[in-house]
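*Asks:* Below is a structure I'd like to ask you about.
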Amino acid sequence: MMETMVCPMGSGASRLYSSLAQTLVNNSTTTTPLAHHQDPQQPSQGCHSPPEHPLELLRECEEALQDRPPRLLRAFICPGEGEVDREEVDNSATQRTIRVMQWNILAQALGEGMDSFVNCPLEALNWAERKYLILEEILTYRPHILCLQEVDHYYDTFQPILASLGYRGNFCPKPWSPCLDVEGNNGPDGCALFYDEARFDLVDSVNVRLCAVLIPTNQVAVVTTLRCRVTGRRLCVAVTHLKARSGWERLRSAQGSDLLRNLTTLTQSPGGPSGPIGIAPDTPVLVCGDFNAVPSEDVYQRFASSPLILDSAYKRLSRDGLSEPAYTTWKIRPTGECCTTLDYIWYSREAFRVDAVLDMPTEEQIGPNRLPSYNYPSDHLSLVCDFSFKKEE
């Protein structure tokens with residue numbers, strides 16, 4: 001039986017955002033662009049102490065969102081051990097465990113202007129309220145590494161608020177974002193990667209424009225190399241969002257191959273003044289993304305058979321450890337209902353151990369109108385995994 005935890009949500013979110021905004025206005029320090037070969041011994045630019053504890057902000061968020069229907073939280077599952085208490089998992093996550101969240105949050109311009117969710121009321125997509133549901137989800141699970149897609153409010157919302165909580169981030173917009181075609185848009189959407197500065201030191205970060213047969217495409221990735229302050233070990237994290245829609249399977253495969261080539265080059269290169277990032281050869285990899293591809297697609301198979309020796313963390317939810325969840329997105333559009341798996345967290349299975357995985361909500365929890373809804377802010381479900389380093393031989 002899955003453990004359910006009820007969290008109140010609602011509409012009056014101005015107090016939370018106003019208090020955060022005022023705090024950030026008073027603190028003039030900002031995050032600088034990330035450069036290649038940054039000296040890890042140098043102090044981080046734009047680092048400042050969190051003005052409030054995340055739990056205090058979460059309580060404020062819950063209070064501000066109390067008018068919405070309650071949302072059922074999901075249970076963490078430990079492979080081989082079954083369901084565990086969320087507080088117990090949270091406590092372990094503050095020690096040697098690395099918590100990773102992957103989430104396509106649904107861009108404002110796409111949710112309100114382009115995507116048609118036929119059973120979702122327009123009020124549920126109102127960004128003025130929906131952004132607090134997104135923030136609440138992040139605050140609930142407090143990941144050490146946060147990988148987001150369809151971010152079109154990086155500079156005015158997520159970067160300043162998360163920076164106030166001790167995160168540092170990097171953002172890579174799509175060159176030809178469809179958000180720009182929407183009247184009154186907030187700029188292009190793209191991929192964002194945040195990490196907890198109390199847990200990691202930055203080694204370097206690079207934005208990648210994915211290519212297909214050497215031709216640049218509209219899809220991007222952020223690749224960041226970090227050093228864990230607890231273990232002293234490095235890891236390479238990538239976030240991406242591959243081409244959507246049926247009929248583009250070959251392009252997705254080419255984009256995935258290009259990302260794998262970049263990761264292979266980065267993890268095997270000794271680096272240098274004019275070279276790539278320069279990650280040590282044994283640096284393990286985490287790849288998070290909305291691949292827009294079901295497990296039977298070629299791009300999935302390319303990652304599963306990559307020389308990087310990757311595995312998909314959410315397969316650990318299945319009884320045999322070999323099957324992906326039945327869905328990571330569930331929506332109803334004018335063309336019909338779509339219930340499928342498109343989102344993944346890949347990891348170097350020789351270096352990482354999967355300690356816990358956040359289970360998927362049931363069909364009953366999601367509701368007959370599917371996603372997004374008053375209960376959930378995106379058409380994609382967040383993926384949350386706890387990893388730990390295996391002992392070095």
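The values are calculated or read from the model by the stated rules, or taken from the named source; none is laboratory data. Worth saying up front: this structure is predicted, and the values here are computed from it rather than measured. Neighbour counts are summed over all protein chains in view; Cβ atoms, including those assigned to glycine, are modelled from backbone coordinates with ideal geometry. Protein only, heavy atoms only, side chains kept; ligands, DNA and RNA dropped before computing areas. Shrake-Rupley method; radii C 1.70, N 1.55, O 1.52, S 1.80 Å.
*Asks:* Which residues, counting only those in segment 222-249, are over 26 Å from G336 (Cα atoms), touching a residue at least 12 places away in the same chain (Cβ under 8 Å) and open to solvent by 10 Å² or more (accessible area, probe 1.4 Å)?
*Replies:* Residues satisfying the conditions are R227, R229, V230, T231, R233, R234.
*Asks:* Can you report the number of residues in segment 188-209 which are polar (S, T, N, Q) and more than 9 Å from F171 (Cβ to Cβ)?
*Replies:* 1
*Asks:* Determine if segment 216-230 includes at least one residue that is at pLDDT 95 or above, over 28 Å from K390 (Cα atoms) and among the β-branched types (V, I, T).
*Replies:* yes
*Asks:* Restricting attention to segment 353-372, which residues are open to solvent by 20 Å² or more (accessible area, probe 1.4 Å) and farther than 26 Å from V287 by Cβ? Don't jump to the end; show me each part of the working.
*Replies:* Of the residues in segment 353-372, the ones open to solvent by 20 Å² or more (accessible area, probe 1.4 Å) are 353, 355, 359, 362-365, 368-370.
Once the filter is applied, which keeps residues that are open to solvent by 20 Å² or more (accessible area, probe 1.4 Å) and farther than 26 Å from V287 by Cβ, segment 353-372 yields T362, E363, E364, Q365, P368, N369, R370.
*Asks:* When the residues of segment 310-338 are filtered to those that are in contact (Cβ under 8 Å) with a residue 12 or more places away in the chain and exposed (fewer than 14 other Cβ atoms within 10 Å of the Cβ), which remaining residue is farthest from T362 (Cα to Cα)?
*Replies:* Checking each candidate, the answer is P334.
*Asks:* Going by the structure shown, is A280 in a loop (DSSP other than H, G, I, E, B), open to solvent by less than 50 Å² (accessible area, probe 1.4 Å) and at pLDDT 95 or above?
*Replies:* It is false that A280 is in a loop (DSSP other than H, G, I, E, B), open to solvent by less than 50 Å² (accessible area, probe 1.4 Å) and at pLDDT 95 or above.
*Asks:* A follow-up question, please. Which pairs do you get when a residue that is over 17 Å from F291 (Cβ atoms) and modelled with pLDDT under 95, found in segment 189-213, comes within reach of a residue that is of a type in the set (S, T, N, Q) and crowded, with 21+ Cβ neighbours inside 10 Å, reach meaning Cβ atoms under 7 angstrom, with the pair 6+ apart or on two chains?
*Replies:* Pairs found: D204/T225.
*Asks:* Considering only segment 153-165, I want to know if a residue exists there that is among the acidic types (D, E), in contact with a Gly (Cβ under 7 Å, 6 or more places away or on another chain) and more than 15 Å from P54 (Cα to Cα). Give the steps one after another, and end with the answer.
*Replies:* The initial filter retains those residues of segment 153-165 that are among the acidic types (D, E), namely 156.
Those left that are additionally in contact with a Gly (Cβ under 7 Å, 6 or more places away or on another chain): none.
Taking every residue of segment 153-165 in turn, none turns out to be among the acidic types (D, E), in contact with a Gly (Cβ under 7 Å, 6 or more places away or on another chain) and more than 15 Å from P54 (Cα to Cα).
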